[in-house]
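So the structure is just underneath, and the comments pick up after that.
The values are calculated or read from the model by the stated rules, or taken from the named source; none is laboratory data. Worth saying up front: this structure is predicted, and the values here are computed from it rather than measured. Don't worry about glycine lacking a Cβ; one is built from the backbone with ideal geometry, like all the others, and counts go over all protein chains shown. For the accessible areas, the whole protein counts, side chains as well, though only heavy atoms, and no ligand, DNA or RNA atoms are used. Shrake-Rupley method; radii C 1.70, N 1.55, O 1.52, S 1.80 Å.
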Amino acid sequence: MFQDIRYALRMLTKNPAFASVVVLTLALGIGANAAIFSLLDQVLLQSLPVPNPDQLMVLSAYEPKDGPDTNSSFSYPMYQDLRDRNSVFSGVIARGGAQMNVSYGDQTERVRGELVSGNFFDVLGVRPWAGRLFTQDDDRTPSAHPVAVLSYSYWERRFNKDPNLIGKTILVNEQPLTVLGVTPPGFFGVNLSDDPDVRVPLMMTPIFNPLPPTRLQSRRHQWLTVMARRKADVTPEQAQVSLSVLYKQIREFEAQQLPASASTFDREQFLAGQIAALPGAQGLLHLQTKMRTSLLLLFGATCAVLLILCANLANLMMARATVRAQETAVRLALGAGRLRLLRQWLTEGVVLSVIGGAAGVFIALWLKAGLLAFIPRDYRANLNRTFEWRLYVFILAAAILLGIAFSLAPAIQAARQVFAPGLRLESRSYSSGGKLFSLRSGLILVQVALSLPLLVSAALLLKTLQNLRAVDTGFGKENVLLASVNPSLNGYSKERSSAFYDELLARTRALPGVKSASLASDSLMSGGWDQNSIVVEGYTPREGEQMWADVTTVSTDYFKTLEIPFVAGRDFDDHDRSGAPKVVIVNEKFAQKYLGTTNVLGRHIGLDREADMTIVGVVKDAKYINLREKFRRHFYLPAAQQDGLTNVTLHVKTTNQPNAVAEELRAQLKALDPHLPLYDIKTLSTEISDSLLQERLVTWLSAAFGLLATLLTALGLYGVLTFSVARRTREIGIRVALGAQRRDVFRLVIVRGVILVGIGVALGVAASIAMSRFLSALLFGIAPNNVTTLAAVAAGLIVVALLACYLPARRATKVDPLVALRYE
């Protein structure tokens, strides 16, 4: 083996141009594949960085018609029951999100926060990097333990890994908290898409998540994610059976607390609820669910490009085997065994491939950094980890398999060679240059067949992106600045918050370049929305019908700022304040569903049970969550009539570039409260663009891989036909000498290329149709089997292929018969 490797390296150094082309091609192919595999590995394959992650389970309460998922939420009393009354789990943990402002020194910043149960770290098996972590004693009495644990990344970024910070006090939402410790690097929690900076005990909820005030006592407020660790001697099936029995008992107890007005149907539906213990080795699958289809599609695309690259290299190696025919014949004549020759050629291919794989590591690092730019900023911290051993194993395995694959055919060709013709340099006698269906031609068919689905996918995804960008959002998105603030985190009372918002709006509207400004409880295209149970005057719901609608609390000028037109009625005004008759504005979808299209104004709707709000306006429908959604039922409440408005998003309509107003806004807020940060500052256009990050990532990468595959296919076809013309030079010369016209020679070469491409396109069309079902989940506004797109892409590929055929065919027409007859 060492002799073979040494000989392979010597042969490659004698042909540096050939070696460089092969290594560079392999580096690009393996590097691109490895970059996608790295993301796929981190998102879809890796488990939580905790001991024995396979024992973890995510608890999911669900309705039978919906099925379980990891987004399920539980009330705190339900969590207590599951924790204390089960017999199959060694521990049950709970977590909930929290908004936090951290002040230390003279700097205040917005951070990601999390409320966790006292046994959170113990059940997960996490040990402190510095200091200590929470225990059950830190989580027994509401508001009694003002302590915090920092993540390693936040400790490093904000406090420069200061070991003296342990035991010191930081201000979180204006509350002094003692820093107990720091979690180890690499630990991000139970959700890959979230890496909390600060964690506080769940019993601090009255301070960090004060509304509603009964959050820790009420079974109605479901806001906690619950996970558990199975006992070592309990199987998942046993855990599921025991948990289902316990959950049924708890639901029967909770059913006794339903209001007397609840119907028999409502009680039956309530008792029909079920619970599932889902595998929790990967934690909550929010990011995994969102990115699974996209990553699998991209990985499939890179694998297809790698196969095309392999076919190209196989053709290149076969051509090189023909050039080295005399060397092979001499070795055979001197007694070399055919297995020895086969092994030597395979060794050369693997050596080349391993060198290309090593170079591909650097390509993968570079490409992954570029890929992360497409991923939302909040997710990057957990995906920007260094390459792990599994990736290097993948690269090595891919390099070895690829080296064997592209060198196997030329190795067999060399081993089967007859040495006598080789010694006479009469390679034409064993050349396949004149055959239509040779191994080299078959590799071209594979390349064309693989290129077409990649191009079709890219075309469909590009059309999807165009369709999404052209969607009528229902609101004006140009020159609108968004910025969020939450004074309640700093202990503002309702009255103080109301005065603060009024002053902030007044100062914002007075800024130069501001046309209008408004406050809202949510920003458009942020990916989520609040829903409320409603009642509608005069509307009797069907049995089992869920009366839900999206709701936003807004201040005056909201619809003016976002250019959402009124269909009927009026906007909120200064008279719609606390103590005045309650009013509401609905969208067209809401009115059509519950009220009809006429006589809507003056009707009444309400939250939960009492229809006490008068409809004063109807506005056009608008997109709220994302661009793919259909218009949803929506209603708007005036901010001045709502209790407990906490975090809000400021919407500012400007006359020119919105970013120019951002610094002025910061200055105004600092003048009002220097400890209150302004966060999530972006334009509405940027918010919409960010909502399409996944679509852009998949589209542009698919297009890049499709174009690369097409280029490789065209080069492969050009190489095959050029080699064929070179091997048939003598034959072409004889044909011309016997009277063949140049157009006949041109047609002789071009027809061969057309036949190869035609068969490859036919196979590619079949492959495109077969993969359309997988692609349909990513498309919008276009069918996966769109005939126009399929035909256009096939025609484009044929045109590119014909261009690749043209140059060899044209060269064949210029063969001089006198020169050709003396060829070889």
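Listing for the model above:
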| item | result |
| --- | --- |
| Residue 671 vs. criteria open to solvent by 20 Å² or more (accessible area, probe 1.4 Å) and more than 36 Å from the chain's Cα centre (by Cα) | yes |
| Wholly enclosed helices (runs of 4 or more DSSP H) of region 247-333 bearing at least 1 residues open to solvent by 20 Å² or more (accessible area, probe 1.4 Å), of a type outside the set (Asp, Glu) and within 30 Å of residue 458 (Cα to Cα) | 286-323 |
| From the options 98, 32, 17, 8, residue that is open to solvent by 10 Å² or more (accessible area, probe 1.4 Å) and at pLDDT below 85 | 17 |
| In region 540-551, residue nearest to residue 509 (Cα to Cα) [restricted to those that are under 32 Å from the mean Cα position of the chain (by Cα) and open to solvent by 60 Å² or more (accessible area, probe 1.4 Å)] | 548 |
| Residue in region 46-54 that is under 30 Å from residue 272 (Cα atoms) and assigned to a strand (DSSP E or B) present | no |
| Candidate set: region 609-658, residues that are β-branched (Val, Ile, Thr), farther than 21 Å from residue 502 by Cβ and in a loop (DSSP other than H, G, I, E, B); chosen: the one least open to solvent (accessible area, probe 1.4 Å) | 625 |
| Residues of region 185-207 satisfying the condition of being more than 21 Å from residue 70 (Cβ to Cβ), open to solvent by 10 Å² or more (accessible area, probe 1.4 Å) and either assigned to a loop (DSSP other than H, G, I, E, B) or touching a strand residue (DSSP E or B) at 6+ places or on another chain (Cβ under 7 Å) (or both) | 185, 186, 207 |
| Residue count, region 184-223 (criterion: under 26 Å from residue 55 (Cβ atoms) and touching a Ser or Thr at 6+ places or on another chain (Cβ under 6 Å)) | 3 |
| Options 230, 215; residue that is among the charged types (D, E, K, R) and either over 30 Å from residue 493 (Cβ atoms) or at pLDDT 90 or above (or both) | 230 |
| Members of region 1-33 that are without any contact (Cβ under 8 Å) to a residue 60 or more places away in the chain and among the charged types (D, E, K, R) | 6, 10, 14 |
| Any chance residue 608 is modelled with pLDDT under 90 and either charged (D, E, K, R) or within 25 Å of residue 470 (Cα to Cα) (or both) | yes |
| Top-ranked residue of region 757-791 - restricted to ones that are within 20 Å of residue 292 (Cβ to Cβ) and not aliphatic (A, V, I, L, M), ranked as modelled with the highest pLDDT | 780 |
| Close pairs (7 angstrom Cβ cut-off, 6 or more residues apart or separate chains): in contact (Cβ under 8 Å) with a residue 40 or more places away in the chain and under 12 Å from residue 480 (Cα atoms) in region 550-562, surrounded by 23 or more Cβ atoms within 10 Å (Cβ to Cβ) and small (Gly, Ala, Ser) anywhere | 558/518; 561/517; 561/518 |
| Cross-chain or 6+ apart pairs with Cβ under 9 Å, region 781-792 first and open to solvent by less than 40 Å² (accessible area, probe 1.4 Å), then assigned to a loop (DSSP other than H, G, I, E, B) | 789/782; 789/783 |
| Qualifying residue in region 35-58 (condition: modelled with pLDDT of 85 or more, over 24 Å from the mean Cα position of the chain (by Cα) and under 30 Å from residue 411 (Cα atoms)) | no |
| Pick from region 35-47, criterion hydrophobic (A, V, I, L, M, F, W, C) and open to solvent by 10 Å² or more (accessible area, probe 1.4 Å), ranking: farthest from residue 392 (Cα to Cα) | 44 |
| Which listed residue, of 721, 711, 717, 748, is modelled with pLDDT of 80 or more and either closer than 26 Å to residue 25 by Cα or open to solvent by 40 Å² or more (accessible area, probe 1.4 Å) (or both) | 711 |
| Condition check for residue 118: within 18 Å of residue 283 (Cα to Cα) and either modelled with pLDDT of 90 or more or buried (at least 20 other Cβ atoms within 10 Å of the Cβ) (or both) | no |
| Long-range neighbours under 7 Å by Cβ, at least six apart or interchain, first residue on the phi < 0 side of the Ramachandran plot within region 321-350, second outside any helix (DSSP H, G or I) and open to solvent by 20 Å² or more (accessible area, probe 1.4 Å) | 322/431; 326/425 |
| Restricting region 442-478 to residues that are in a helix (DSSP H, G or I) and hydroxyl-bearing (Ser, Thr, Tyr), the residue that is nearest to residue 724 (Cα to Cα) | 451 |
| Near pairs, Cβ below 7 angstrom, 6+ apart or cross-chain, from region 109-122 (touching a residue at least 60 places away in the same chain (Cβ under 8 Å) and over 16 Å from residue 226 (Cβ atoms)) to any residue that is hydroxyl-bearing (Ser, Thr, Tyr) and open to solvent by 10 Å² or more (accessible area, probe 1.4 Å) | 110/679 |
| Any hit, region 458-472, residues being under 26 Å from residue 679 (Cβ atoms) and among the β-branched types (Val, Ile, Thr) | no |
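A quick yes/no check of all residues on (1) hydroxyl-bearing (Ser, Thr, Tyr); (2) open to solvent by less than 70 Å² (accessible area, probe 1.4 Å):
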residue: 467; (1), (2): no, yes
residue: 481; (1), (2): no, yes
residue: 490; (1), (2): no, yes
residue: 498; (1), (2): yes, yes
residue: 510; (1), (2): no, no
residue: 532; (1), (2): no, yes
residue: 553; (1), (2): yes, yes
residue: 556; (1), (2): yes, yes
